[in-house]
Amino acid sequence: MNEQGNYKHFQLKLDDDSIVWLDFDKQGATANTLDASILLEFEEIIDAIASDHGCAGLVIGSAKSSGFIAGADINSFTGFENTEEAFSLIRRGQLVLDKLDHLAIPTVALINGFCLGGGFELALACDYRIAIDHKKTRLGLPEVMLGIHPGWGGMVRLPKLIGAPALSLILTGRTLSASAAKKFGIVDFALPLRHGKVAARDIILKKVNVKRRKAAPFITNLPGIRFVIAAVARRQLAKKVSKEHYPAPYEALRCWQVNGVSDKAYVAEASSVARLIMTDTSQQLIRDFFLKERLKSLAKSVDFKPLHVHVVGAGAMGGDIAAWCAYKGFTVTLQDCSPKFISKAIARANKFATKKLRKPRLVQEMMDRLMPDEEGRGIGKADVIIEAIFEDLSAKRALFQSLEEKAKPEAILASNTSSIPLDKIAVILKHPERLVGIHFFNPVAKMLLVEVVCGEKTLEEVVVNATAFVGKLDRLPLPVKSHPGFLINRILMPYLIESVFLLEDGVPASVIDAAARDFGMPLGPVELADTVGLDICFSVAGILSEEFGSAVPKSLEKMIESGFLGRKSGRGFYKYNQQGKLISDGARKDPARYREITDRLILALLNEAVACLSEGIVEDDDLLDAGMIFGTGFAPFRGGPIQYAYDRGISDVTGALMQLQNQFGARFEPHSGWTQLQAEQPDEQVLVEERLPEEPEDQTI
């Protein structure tokens, strides 16, 4: 064995107790990920350890501060010629981890930071696992987010270790903290950093007794019990995701039900993943991953290091923006002319902190960072000032005129406006180049995307700093040009408005929503409009109508005049109970009409998307797709509006639009931008350097 550790991607040391300490340190990368070349070197090391009978044990850790192993290199998931080629690579990885699993000496995974996907499967192949208990440590198998399931033994080893509860991780892709993983029985110890290596040494030298539950995992892996559990899990799964759209969790469940944790299950696992990875769903979700990485890369590190955020407006959006900033470690002052609104916002923030942080000390620390500021004393101290008042141009102008006088010269002046062009606000400023848009979406704690809006006079430095600030909030910044509605609301509005026209044509709300969900949207347009608020939809639609001459249904105005504002008023297009839960309208689903309904909804959206692309609201079609996927939940397995148009065929889309134009009028007239789009081919996918995955706030498949 090479005791000096002269390896490309690993550091190896043999201590005085004959324990091998192997630290993974992928060369030229900020995070440890696994690929074919690394597995080859890892196998060489395992073979050397196996042949050296003087080794007392092996501890596998990471030399990177960023984490343990963030999973397999996603680049390796692309470019397979066929299923056989995919199976060969997956099976190869299984066999390498199998060698680790069968080492004659005790093996320990010392997990500090991210331990996901293939990295988690490597840890499962060890005899023991120690997780460092801090907020950066996350363990899980998020492969379903890429349209596959674990393929390097995770489908076998995790259920063997903890039984059927493994399904709650495999089928959802959710991740666990160190302490939660300990409760599940996945890790043997969740310890502070200073105790990690000591515990690993004690385990190998048998100075500590590791206790594990064995009865429950054994029982739930029995064939008859598996069948019952799988039947229940399948029914629960069907309530959340479509098998047609997302086959991976269903295939994972089938693999476990049929094969359990037997030796043959490994080959079945590899064969299943090889089939899944060749599907359109998986390839689109992999593309989505790279789109997300591109958005993250826009928030590149700059010298701008904000510490204090001042938010003006303590309504639903402003209060939640302030709470999120405090949660992410910023000192925050929250201003409003009404103490009542500030009080409600603080109470809401405390409820959020309690749910999110759980530990009283952490909750108190967050709330100490969030300070009520009725008089606006924090303005002069703030590095970032965010306006989040109601959508009124005059009010915003007056506010920014006051803010400019009190703010530090280097502070960012940002508006959370959802539709008003920045240049209309900036005319009141002495230095309009300071104004930028930082547009969050509701709910702030769950929506990943934030539009960074650049006005005609906004300085590039201000945009760069604002983008970096969004990145520090663990959000995805999308640079957009200042134009009415910007990108997301502008594209979404024709989709929402068309649902109102469908209602006027006599189509029940629940049928419209069911058709949209059948297409792959996370929420139907009618329920979405009710959730956003019909008054807000009408306001944005009015602004867009003034600019583009688009139609606004008269029925929408009548509903608002009657006080039917949506979920918040208990009545919109639907009725809601006192808890805000939707009361069904009783209409039956009508799949026979879904194609007609979805074409009216989705093609209206696509036509507006092409208009935005043609006007340069975003840089390119990839950014547009990314914005719609992460800003609206546009069917991720379809790859975004433009990708869907390419896959369906531009001629087919424009032909369908012309048919709708003949039937329903000018709102469906194909935009001139389709001609240019048809002449272009999608850019070749540019792979980005792997980065640590973010922990989603509310992961969905």
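The values are calculated or read from the model by the stated rules, or taken from the named source; none is laboratory data. Computed from a prediction, not measured in an experiment: that's the story for all the values here. When we count neighbours, we look across all protein chains shown, and the Cβ atoms used for this are built from the backbone with ideal geometry, even at glycine.
Across region 1-50, the qualifying residues are those that are over 24 Å from residue 150 (Cα atoms) and basic (Lys, Arg), and the one among them that is surrounded by the fewest Cβ atoms within 10 Å (Cβ to Cβ) is 8. Of the candidates 305, 240, 300, 206, the single residue that is on the phi > 0 side of the Ramachandran plot and assigned to a loop (DSSP other than H, G, I, E, B) is 206. State whether the residues of region 595-605 include one that is surrounded by fewer than 24 Cβ atoms within 10 Å (Cβ to Cβ), in a loop (DSSP other than H, G, I, E, B) and among the charged types (D, E, K, R). Checked region 595-605: no residue is surrounded by fewer than 24 Cβ atoms within 10 Å (Cβ to Cβ), in a loop (DSSP other than H, G, I, E, B) and among the charged types (D, E, K, R). Screening region 219-261 for residues that are small (Gly, Ala, Ser) and surrounded by 13 or more Cβ atoms within 10 Å (Cβ to Cβ) and picking the one that is nearest to residue 514 (Cα to Cα) gives 242.
Answer yes or no as to whether residue 385 is more than 29 Å from residue 629 (Cβ to Cβ) and either among the aliphatic types (A, V, I, L, M) or under 29 Å from the mean Cα position of the chain (by Cα) (or both). Answer is yes for this residue. Being within 22 Å of the chain's Cα centre (by Cα) and among the charged types (D, E, K, R) holds for only one residue in 361, 348, 275, 287, and it is 287. Taken over region 19-37, the residue count meeting the criterion of being outside any strand (DSSP E or B) and touching a strand residue (DSSP E or B) at 6+ places or on another chain (Cβ under 8 Å) is 5.
So which residues in region 311-343 are in contact with a strand residue (DSSP E or B) (Cβ under 6 Å, 6 or more places away or on another chain) and more than 18 Å from residue 441 (Cα to Cα), if there are any at all? If the condition is that a residue be in contact with a strand residue (DSSP E or B) (Cβ under 6 Å, 6 or more places away or on another chain) and more than 18 Å from residue 441 (Cα to Cα), then 330, 331, 332, 333, 334, 335, 342 are the ones that fit.
Taken over region 255-279, the criterion of being part of a helix (DSSP H, G or I) and touching a Lys or Arg at 6+ places or on another chain (Cβ under 9 Å) is satisfied by 256, 257, 258, 266, 267, 270, 271, 272, 274. Just for region 77-109: of the residues that are within 13 Å of residue 270 (Cα to Cα) and β-branched (Val, Ile, Thr), which one is surrounded by the fewest Cβ atoms within 10 Å (Cβ to Cβ)? Among them, the one singled out is 83. Among the residues of region 627-634, are any farther than 16 Å from residue 482 by Cα and surrounded by fewer than 22 Cβ atoms within 10 Å (Cβ to Cβ)? There is at least one residue in region 627-634 that is farther than 16 Å from residue 482 by Cα and surrounded by fewer than 22 Cβ atoms within 10 Å (Cβ to Cβ).
Pick from region 262-292 the residues that are aliphatic (A, V, I, L, M) and within 16 Å of residue 171 (Cβ to Cβ): which of them is surrounded by the most Cβ atoms within 10 Å (Cβ to Cβ)?
From region 262-292, those aliphatic (A, V, I, L, M) are 265, 267-268, 270, 273-274, 276-278, 285-286, 291; that's our starting set.
Applying the additional criterion that residues be within 16 Å of residue 171 (Cβ to Cβ) yields 273, 276, 285.
Values: 273: 30, 276: 23, 285: 23.
Ranking the candidates gives 273 first.
Of the residues screened, residue 129 is one that is surrounded by 20 or more Cβ atoms within 10 Å (Cβ to Cβ), basic (Lys, Arg), touching a residue at least 40 places away in the same chain (Cβ under 8 Å) and touching a helix residue (DSSP H, G or I) at 6+ places or on another chain (Cβ under 7 Å).
Screening 530, 513 for residues that are closer than 30 Å to residue 240 by Cα, touching a Lys or Arg at 6+ places or on another chain (Cβ under 9 Å), free of Cβ contacts under 8 Å to residues at least 60 places away in the same chain and part of a helix (DSSP H, G or I) leaves exactly one candidate, 530. Among the helices (runs of 4 or more DSSP H) confined to region 345-448, the ones with at least 3 residues that are at pLDDT 95 or above, surrounded by fewer than 17 Cβ atoms within 10 Å (Cβ to Cβ) and on the phi < 0 side of the Ramachandran plot are located at 360-369, 393-406. Taking region 436-459 as the range and being among the hydrophobic types (A, V, I, L, M, F, W, C) and more than 19 Å from residue 489 (Cβ to Cβ) as the test, the residues that pass are 445, 459. Contact annotation: residue pairs with Cβ atoms under 9 Å, 6 or more positions apart or on different chains, pairing a residue in region 577-592 that is β-branched (Val, Ile, Thr) with a partner that is loosely packed, with under 10 Cβ neighbours inside 10 Å, are 583/577. Restricting attention to region 534-563, the residues being farther than 20 Å from residue 393 by Cβ, in contact (Cβ under 8 Å) with a residue 24 or more places away in the chain, in a loop (DSSP other than H, G, I, E, B) and out of contact with any Asp or Glu (no Cβ under 9 Å at 6 or more places or on another chain) number 1. All conditions but one from (1) within 33 Å of the chain's Cα centre (by Cα); (2) part of a strand (DSSP E or B); (3) farther than 23 Å from residue 140 by Cα apply to residue 61; the one that does not is (3).
Only one of the listed residues (190, 200, 252) is closer than 30 Å to residue 18 by Cα, out of contact with any Pro (no Cβ under 7 Å at 6 or more places or on another chain) and part of a helix (DSSP H, G or I). That residue is 200.
The rows are residues; the columns are (1) under 20 Å from residue 154 (Cα atoms); (2) modelled with pLDDT of 95 or more; (3) touching a Lys or Arg at 6+ places or on another chain (Cβ under 7 Å).
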residue: 54; (1), (2), (3): no, no, no
residue: 58; (1), (2), (3): no, yes, no
residue: 63; (1), (2), (3): no, yes, no
residue: 70; (1), (2), (3): yes, no, no
residue: 73; (1), (2), (3): yes, no, no
residue: 79; (1), (2), (3): no, no, no
residue: 105; (1), (2), (3): no, yes, no
residue: 124; (1), (2), (3): yes, yes, yes
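Within the set 139, 58, 116, the sole residue that is in contact with a helix residue (DSSP H, G or I) (Cβ under 8 Å, 6 or more places away or on another chain), closer than 24 Å to residue 14 by Cα and either without any contact (Cβ under 8 Å) to a residue 24 or more places away in the chain or surrounded by 24 or more Cβ atoms within 10 Å (Cβ to Cβ) (or both) turns out to be 58.
Residues are listed down the side, and each one gets a yes or a no for (1) at pLDDT 95 or above; (2) surrounded by fewer than 22 Cβ atoms within 10 Å (Cβ to Cβ):
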residue: 458; (1), (2): yes, no
residue: 477; (1), (2): yes, no
residue: 481; (1), (2): yes, yes
residue: 484; (1), (2): no, yes
residue: 516; (1), (2): yes, no
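Could you run through region 387-432 and say how many residues are within 25 Å of residue 548 (Cα to Cα), among the polar types (S, T, N, Q) and in contact (Cβ under 8 Å) with a residue 12 or more places away in the chain? Of the residues in region 387-432, 5 are within 25 Å of residue 548 (Cα to Cα), among the polar types (S, T, N, Q) and in contact (Cβ under 8 Å) with a residue 12 or more places away in the chain.
Scanning region 110-135 for residues that are under 24 Å from residue 266 (Cα atoms) and outside any loop (DSSP other than H, G, I, E, B) yields 115, 116, 118, 119, 120, 121, 122, 123, 124, 128, 129.
Restricting attention to region 328-344, which residues are assigned to a helix (DSSP H, G or I) and either in contact with a His (Cβ under 8 Å, 6 or more places away or on another chain) or surrounded by fewer than 21 Cβ atoms within 10 Å (Cβ to Cβ) (or both)? Quick ask: steps written out before the conclusion?
The first filter runs over region 328-344 and keeps only residues assigned to a helix (DSSP H, G or I), leaving 339-344.
Within region 328-344, 339, 340, 341, 343, 344 meet the criteria.
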